[in-house]
Amino acid sequence: MNSTTEVMKLGMNCLIENLGVTDTERFISTLFKEKSDYTLWRRRYFEDVDLDSFLKASADYTKEHPFFEG
């Protein structure tokens with residue numbers, strides 16, 4: 001299991017890789033400004049995604065972005 005510091009580092013690297021520095025900062029500032037429920041947002045975000053599509057996308061992403069090198 002990763003430490004909190006490692007999780008934060010991995011998360012920031014993922015955001016920066018996919019959004020760039022500026023949009024990562026916008027994303028984070030929006031999370032802090034908005035009074036929102038992340039769990040509810042996530043449920044709504046994925047409510048129309050069927051399990052097979054989600055699992056395929058997850059497998060494809062893992063192949064393209066292996067967590068461990070070697």
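Scanning segment 56-64 for any residue that is touching a helix residue (DSSP H, G or I) at 6+ places or on another chain (Cβ under 9 Å) and surrounded by 10 or more Cβ atoms within 10 Å (Cβ to Cβ) turns up nothing. The single condition among (1) assigned to a loop (DSSP other than H, G, I, E, B); (2) within 15 Å of the chain's Cα centre (by Cα) that Asn2 does not satisfy is (2). Here Arg43 meets the list (1) charged (D, E, K, R); (2) modelled with pLDDT of 85 or more; (3) in a loop (DSSP other than H, G, I, E, B) almost entirely, failing just condition (3). Of the residues making up segment 26-40, those that are surrounded by 10 or more Cβ atoms within 10 Å (Cβ to Cβ) and not in a helix (DSSP H, G or I) are Glu34, Ser36, Asp37. If you check Asp52, Asp23 for being surrounded by 11 or more Cβ atoms within 10 Å (Cβ to Cβ) and in a helix (DSSP H, G or I), only one passes: Asp23.
The values are calculated or read from the model by the stated rules, or taken from the named source; none is laboratory data. As the structure is a prediction and not an experimental result, all values here were calculated from the model. Backbone-built Cβ (ideal geometry, glycine too); neighbour counts: all protein chains shown.
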